[in-house]
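Visitor: The following block contains the structure, expressed as structure tokens.
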Amino acid sequence: MSIDYAAQILAGSHRAAARLISWLEDEDERAYGLMAGLYPHTGSAYVVGITGSPGAGKSTLTDKLARVIRKNGLKVGIIAVDPSSPFTGGALLGDRVRMNELTQDPDIFIRSMATRGFLGGMAKSTAEVVKVLDALGKDVIIIETVGVGQDEVDIIGIADTTCVVLVPGLGDAIQSMKAGIMEIADVFAVNKADKQGADQLCGEICARLEIDSHIKERDWTAPVNRTIAVEDIGIEELWLSIESHRKYLFDSGRFYTNRRERTSRETLRMIHAELFRVIREQLEKNGRLDAAVEELMNKKRDPYTLMREIVNEWLSISRHKETS
Amino acid sequence: MARKIKMIMAKPGLDGHDRGAKLLARIFAEAGMEVVYTGLRQTPEMIVSAAEQEDADVVGLSSLSGVHNYFFPRVVELMKEKGLDDVLLVGGGGGIIPEEDYDSLKKSGMAAIFGPGTPTTEIVSFIENNVRKR
Amino acid sequence: MFDEKVLQKIQAGKDNWDQGPLAKSLSKSPEAKPVFTTISGTPVQRLYTPLDIKELDYDIDLGYPGTFPFTRGVQPTMYRGRFWTMRQYAGFGDARSTNERYRYLLKQGQTGLSVAFQLPTQAGYDSDHPLSMGEVGKVGVAIDHIDDMKTLFDQIPLDKVTTSMTMNAPAGVLLAMYLAIAQEQGVSWDKVGGTVQNDVLKEIICRGQYIYPPKQTMRLTVDLIEFCQKNVPKWNSISISGYHIRESGSTAGQEMAFTIADGIAYTQACIERGMAVDSFAPRLSFFFNAFTNVLEEVAKFRAGRRYWAKVMKERFKAKDPRSMMLRYHVQTGGVTLTAQQPLNNIVRVALQSYATALGGAQSLHTNSYDEALCLPTQQAVTVALRTQQIVAEESGATDTIDPLAGCYYVENMTDRIEAEIDDYIKKIDAMGGTLAAIEQGYIQKEIQNSSYRFQKEIESGERIYVGINRYTMEEPPPTGLLKVDMSVGEIKAAELRNYRAQRDQAKWKAALDKLRQVSATNENVMPYVVEAVKAKATVGEICDVWRGVFGEYRPKEFI
């Protein structure tokens, strides 16, 4: 008996969505046909990225934000990413702990994902999982990144609004500036705002934004929100900031251009991944890779010429096919 | 990408003894599994929706307050209701789950109850050998 | 403690022994293991001599019992005056059956009570709450309201016994009930003695019975301490607990270090409230574990006493010596018990009790041998109580004070553990204090790493545990275990419906409204909690008022 997963997902089945997500994570062939069927039904969900250093309170903030969004009558999908161990390949996914009560709301879907070696604060298939949750009918999709503090800028490629969470006392502002995190923020949340140093941190962020505005003219300045997520303080205001960023994106036409860029980037990335996969498979299967490496190690060949040679072969095959 | 075993590690009820659950979560992750730790105070409903959303292959229940006969069968029942009957359900609670309860818990649908002092390697291989194909 | 010449002589003698008899013996037959460690993983030397305690200054580091730094004990006569309080933690089913167990224990020579509450009560839910399903009366007694409490202490005069209550986030509610009952018995509050655990930080660290976010739950903790300081002078308003930290996998040193870190946080919070340190610190009490490695445990207790005295004197500028005393209750190690060959546990408990006596505790609970399997049966409880009576009466440990002082090994270990505590306290201070360290998961992760190391040692066979990884045997399933009647839940639910219907609704509502209003201010809530329990508000109802005002804590899990 075959199950029509696509139809079930479109009808809102959490179970079917969950299975498709597993296939996407595993890069299982069964996923792609289904994704093709779902694609026309994607694009309406609004994607919010939550990023920031470990201990900034991202999960708690996500939990509270989801509640506020639900109060507004919108359905929520949450993707919480945690790192895989590079040694064992396993992962401990603990973000659900802070979102336990959301579990019982049928209009919320939470999925924990391990990075499986992928860098950039997300898993390789996170962008695809967003599409699944979109097709599942979720109105807002929140992605909570790993939060190792560095290199987490990939989120802007997926999220419509990126919220950077900072906390006082961790030297966060300075670290984030170094890591290039400041530039990706559409909205700031200064969490644990009752802590000593919160004023200072807000001041530092504003000063930085001020300086930036002189260097590069912008029509959107990221608002700085104070939150105390554990006490549910400042969350409504944070949502309003996200909403106003959204409004700005629509009003300015940036929403369309951003999405267009994203589509273009994703398409190229998919082509890149597929080409690479096919070529690699071929080279590994026919033993050519091994032979080439041997020659490279012995300095009989150089990789620059070799690379061109292989690529040209593939190109001529396809050209040949086109003309015949 | 190789398939990973996805596991939910849950503590049903109000029991706060999570030393074993956390230890096992860590050991399962070291064995290459992706382990979702749900934390304390889980109702059967919460555990089952987590299993559903995470597409878990295994659900591990840990209880040391003597409420296993109440909670474990309820989780099994709800899993069946949701059609998640190919998920491997395992449980443990040291000596607090008496051996005389093992049979009835297994009959209710638990695949295994691990008694006190079971080497963790044994639990890992039980899971690896009995987990479903996806 | 030794002059230079004596030490030189000892060094020479030791060198001779090393190169002579020892080397000869080792060349013939090596030792059983390359490294010897305590159960906490601390390396243990082959031999300890005065060389290992040469920095020890008797007057400064040890002193005399009842005087600073209290290394040798908090009272001048210790057990020669009177034994520790023998206090067995007990409670199951409904208030009636627990009351019967209490009266039995008191008749058997137990000198204090210790209430085990059911999990729903500890988590602030009534017995008929959905989250209470299956849990009612299971691991402790079901107490929903003041009338349950009255039954629990029926025919027990509250001016004659002291009572310890393992109650944390809702501590104020249960204390209020106890005090209200004392009033009814005609016992004035200044005559009421006992302890309420009230240690919410360790609930967040490791025990899991939290309700409110840290800041708010700390406020309730301090309210209770302040209230007792003014109204119930003989009450130990907190029992800062390392017991559960150890149970969840820490080492002996970590147990002491993190407990003291919690103690520092509470002291700080009380001072911030405006209380003078000497007004409340004498009523801070502690609660520790005792494992089977007797000498390490003794060193832990001695190190803890010395360190706490210094903290209070130097950091908090206490003047009253009573403020500097680490007074504590001990429970033998629950996790050291095995479900396999359960009778072996009697021996473990005996050694742990012996360690407790040698370490100078103020009260003791001895675990029953069947506790790895179920709640203790009457027979097992009796053996447990007899065990501490044997240690007190027969072992001789009580005849002289701090008998292991001067033992090279114990003194060295005491120093070492004190240094470990100091190291942790400095790290935690650098993180911004205990609350910050908990929030960052530092303390939790340290404990979990120790727990993990221990598990690996057991599984690799590096550490032997009798009946677990060596000397195992086939056994028939144990019989005669205590079963708690599952119908308690249904009976309680019906009873609660009735109770709620029959109380004076106007009075009840007014009391809860007042409590809600006060909780949102800075005023001490305790007097209003007393009024609320008298107006027949239930544990769950009062805790719900605070859930509304304070919100609920969502734990962070650090694995």
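The values are calculated or read from the model by the stated rules, or taken from the named source; none is laboratory data. No experiment lies behind these values; they were computed from the predicted model shown. Neighbour counts run over all protein chains shown; Cβ positions are idealised from the backbone, glycine included. Heads up: the accessible areas ignore ligands, DNA and RNA and are worked out on the full protein's heavy atoms, side chains in. Shrake-Rupley method; radii C 1.70, N 1.55, O 1.52, S 1.80 Å.
Visitor: If the limit is 24 Å between Cα atoms, which of C:Lys24/C:Lys300; B:Lys82/B:Lys107; C:Lys160/C:Lys230; C:Lys202/C:Lys514; A:Lys75/B:Lys82; A:Lys71/B:Lys11 go over it?
Guide: C:Lys24/C:Lys300; C:Lys202/C:Lys514; A:Lys71/B:Lys11
Visitor: Let me ask you something else. Return the sequence-ordered ³J(HN,Hα) values of segment A:289-298 in whole Hz as given by the Karplus equation 6.51 cos²θ - 1.76 cosθ + 1.60 applied to θ = phi - 60°, using x for Gly and Pro.
Guide: Karplus values, whole Hz, x for Gly and Pro: 4, 4, 4, 5, 4, 4, 5, 5, 5, 7.
Visitor: Going by the alpha-carbon gyration tensor, a ≥ b ≥ c the square roots of its eigenvalues, is chain B rounded (a/c under 1.5) or, if a/c is not under 1.5, prolate (a/b greater than b/c) versus oblate?
Guide: Rounded, because the longest to shortest axis ratio a/c is under 1.5.
Visitor: Say a paramagnetic label sat at a point 7 Å from the Cα of B:Thr118, along Cα to Cβ; which residues of segment B:14-53 have their backbone N under 19 Å from it?
Guide: B:17-38
Visitor: With each run of n ≥ 4 DSSP H residues scored as -39500 (n - 2.57), what mean residue ellipticity at 222 nm is computed for the protein assembly as shown after dividing by its residue count and rounding to the nearest 500 deg cm²/dmol?
Guide: -15000 deg cm²/dmol
Visitor: Right, another one. How much of C:Leu131 can a 1.4 Å solvent probe reach, expressed as accessible area in Å² and rounded to 10?
Guide: 40
Visitor: Enter the buried accessible area of the A/B pair, total of both sides, probe 1.4 Å, in Å² rounded to the nearest 100.
Guide: Interface area, both chains combined: 2600 Å², rounded to the nearest 100.
Visitor: OK, next. Which entries in the list B:Lys4/B:Lys106; C:Lys445/C:Lys556; B:Lys80/C:Lys556; B:Lys22/C:Lys456; C:Lys507/C:Lys534; A:Lys285/B:Lys133 go over 19 Å, if you measure between the two C-alpha atoms of each?
Guide: B:Lys4/B:Lys106; B:Lys80/C:Lys556; A:Lys285/B:Lys133
Visitor: Hey, another quick one. Would you mind telling me the share, in percent, of accessible area of the protein assembly as shown contributed by carbon and sulfur at probe 1.4 angstrom?
Guide: Of all accessible area on the protein assembly as shown, carbon and sulfur atoms account for 55 percent.
Visitor: Suppose a student asked you for the relative contact order of segment C:235-317, using Cα pairs under 8 Å spaced at least 6 residues apart; what percent would you report?
Guide: About 42 percent, as a whole number.
Visitor: For helix A:254-285, report the angle its Cα long axis makes with the longest principal axis of the Cα atoms of chain A; keep it between 0 and 90° and round to the nearest 10°.
Guide: 40
Visitor: Residues of segment B:43-67 with the amide nitrogen closer than 18 Å to a label point 7 Å from the Cα of A:Asp28, along Cα-to-Cβ, please.
Guide: Under cut-off, by backbone N: B:51-59.
Visitor: Starting from the 7 Å offset along Cα-to-Cβ, what nm value, one decimal, do you get for the label separation of C:Glu184 and C:Gln379?
Guide: Roughly 3.7 nm, to one decimal.
Visitor: Helix A:14-26 against the longest principal axis of chain A: what's the angle in degrees, Cα atoms only, rounded to the nearest 10?
Guide: 50
Visitor: What relative contact order, as a whole-number percentage, does chain B give when Cα pairs under 8 Å and 6 or more residues apart are counted?
Guide: Across chain B, relative contact order equals 25 percent.
Visitor: Alpha carbons only, please: Rg and Dmax for the protein assembly as shown, in angstrom.
Guide: That works out to 31.3, 107 Å for Rg and Dmax.
Visitor: May I pose another question? Could you report segment A:43-252's accessible area per residue, 1.4 Å probe, as an integer in Å²?
Guide: 37
Visitor: With a 1.4 Å probe and every protein chain left in place, work out the accessible area per residue of segment C:23-168 in Å², rounded to a whole number.
Guide: Roughly 41 Å² per residue, with all protein chains present.
Visitor: May I pose another question? When the accessible area of each residue in segment A:220-248 is compared between its chain alone and the complete protein assembly (1.4 Å probe; ligands, DNA and RNA ignored), which residues differ by at least 40 Å², being lower in the assembly?
Guide: A:Val230, A:Glu231
Visitor: Oh, and also: Need the full-extension length gain, A:Ala273 to A:Arg260, defined as separation in residues times 0.36 nm minus the C-alpha distance. One decimal, nm.
Guide: In short, 2.7 nm is gained.
Visitor: Relative to a virtual label point 7 Å from the Cα of C:Trp17 in the Cα→beta-carbon direction, which members of segment C:402-431 show backbone nitrogen distances below 18 Å?
Guide: Within reach of a label on C:Trp17: C:406-413.
Visitor: Just reorder A:Leu10, B:Leu105 by solvent-accessible area, largest first, 1.4 Å probe, all chains present.
Guide: My answer, sorted largest first, is A:Leu10, B:Leu105.
Visitor: Now a separate question. Gap in Å between the Cα centre of segment A:1-65 and the Cα centre of segment B:71-125?
Guide: 30
Visitor: If you take the beta carbon distance between A:Arg301 and A:Tyr248 as r and set R0 to 45 Å, what does 1/(1 + (r/R0)^6) give as a FRET efficiency, to the nearest 0.05?
Guide: With a Förster radius of 45 Å, E is 0.25.
Visitor: Quick one: length gained pulling A:Ala36 to A:Leu289 fully straight, 0.36 nm per residue minus the C-alpha distance?
Guide: Length gained, A:Ala36 through A:Leu289: 87.8 nm.
Visitor: Give a quick list of chymotrypsin sites (Phe, Trp or Tyr not before Pro) in segment C:213-254 that DSSP marks as loop, anything other than H, G, I, E or B, with at most 16 other Cβ atoms within 10 Å.
Guide: none
Visitor: Let me ask something else. Amide H to amide H, which residues 5 or more places from A:Ala80 or on other chains are under 5 Å from it, using H placed in the peptide plane?
Guide: A:Arg111, A:Ser112, A:Met113, A:Glu144
Visitor: How far apart, in nanometres, would the label points at C:Asp423 and C:Thr111 be if each is projected 7 angstrom from Cα along the Cα-to-Cβ direction?
Guide: Each label point lies 7 Å from its Cα, and together they span 3.8 nm.
Visitor: Specify whether the C-alpha gyration tensor of segment B:16-60 places it in the rounded, prolate or oblate class, a ≥ b ≥ c being the square roots of the eigenvalues: rounded for a/c under 1.5, otherwise prolate if a/b is larger than b/c and oblate if not.
Guide: Oblate shape, in that a/c is at least 1.5 and b/c is the bigger or equal ratio.
Visitor: Further question on the same structure: Give me the number: length gained by fully extending C:Thr479 to C:Lys24, i.e. 0.36 nm times residue separation minus the C-alpha to C-alpha distance, one decimal in nm.
Guide: Fully extending the segment from C:Thr479 to C:Lys24 adds 158.5 nm.
Visitor: Using modelled backbone amide H atoms (1.01 Å from N, in-plane), which distant-in-sequence or interchain residues come within less than 5 Å of A:Ile141's amide H?
Guide: HN-HN under 5 Å from A:Ile141: A:Tyr46, A:Val47, A:Val48, A:Gly77.
Visitor: How would you rank A:290-299, C:60-69, C:195-204, highest first, on the average number of other Cβ atoms within 10 Å across their residues?
Guide: Result, highest mean Cβ count within 10 Å first: C:195-204, C:60-69, A:290-299.
Visitor: Just flag the chymotrypsin sites (Phe, Trp or Tyr not before Pro) in segment C:459-531 sitting in loop per DSSP whose Cβ has no more than 16 other Cβ atoms within 10 Å.
Guide: Taking segment C:459-531 and a limit of 16 other Cβ atoms within 10 Å, the loop chymotrypsin sites (Phe, Trp or Tyr not before Pro) found are C:Tyr471.
Visitor: What figure, in Å² to the nearest 10, do you get for the accessible area of C:Glu272 with a 1.4 Å probe and non-protein molecules left out?
Guide: Near enough 140 Å² of accessible area.
Visitor: Report the Cα centroid-to-centroid distance between segment C:124-193 and segment C:14-79 in angstrom, as an integer.
Guide: Taking the Cα centre of each part, segment C:124-193 and segment C:14-79 sit 46 Å apart.
Visitor: Before I look further, what does segment B:6-128 give for accessible area per residue, probe 1.4 Å, in whole square angstrom?
Guide: I get 29 Å² per residue for segment B:6-128.
Visitor: I'd like the accessible area for C:His329: 1.4 Å probe, protein heavy atoms, all chains in place, Å² to the nearest 10.
Guide: Counting only protein heavy atoms, the figure is 30 Å².
Visitor: Hey, rough spin-label estimate for A:Ile317 and A:Thr88, points 7 angstrom out along Cα→Cβ, what's it come to in nanometres?
Guide: 4.1
Visitor: Where does each of A:Lys285, C:Lys507, B:Lys4, C:Lys456 land when they are ordered by accessible area, with a 1.4 Å probe and the largest first?
Guide: A:Lys285, C:Lys507, C:Lys456, B:Lys4
Visitor: Assuming R0 = 51 Å, what is the FRET efficiency of C:Lys445 and A:Ile211, from their Cβ-Cβ distance, to the nearest 0.05?
Guide: That pair, C:Lys445 with A:Ile211, gives E of 0.85.
Visitor: As a test of the definition: with a 1.4 Å probe, what buried accessible area, both sides summed, do you compute for C against B, in Å² to the nearest 100?
Guide: Its buried surface, counting both partners, is about 3000 Å².
Visitor: To continue, here is another question. Would you mind pulling out the separation of the Cα centroids of segment B:2-26 and segment C:341-381, in Å?
Guide: What the calculation gives is 29 Å, centre to centre.
Visitor: Amide H to amide H under 5 Å from C:Phe286: which residues, 5+ apart in sequence or cross-chain, H placed 1.01 Å off N in plane?
Guide: HN-HN under 5 Å from C:Phe286: C:Ile240, C:Arg327, C:Tyr328, C:His329.
Visitor: Sticking with this structure for a sec: Rounded, prolate or oblate: which fits segment C:59-460, taking a ≥ b ≥ c as square roots of the Cα gyration tensor eigenvalues, rounded meaning a/c under 1.5, else prolate when a/b beats b/c?
Guide: Since a/c stays below 1.5, the shape of segment C:59-460 is classed as rounded.
Visitor: A further question on this structure: In a shell of Cβ-Cβ distance under 14 Å around C:Glu462, excluding C:Glu462 itself, what net charge do Lys and Arg (+1) and Asp and Glu (-1) give?
Guide: For residues surrounding C:Glu462, the net value is +3.
Visitor: At a cut-off of 20 Å², which residues of segment B:87-125 become less accessible once all protein chains are present than in their chain alone, using a 1.4 Å probe?
Guide: Those residues are B:Gly95, B:Ile96, B:Pro98, B:Glu99, B:Glu100, B:Pro116, B:Gly117, B:Thr120.
Visitor: Further question on the same structure: Sort C:Thr479, C:Thr42 by heavy-atom solvent-accessible area, probe 1.4 angstrom, most to least.
Guide: C:Thr479, C:Thr42
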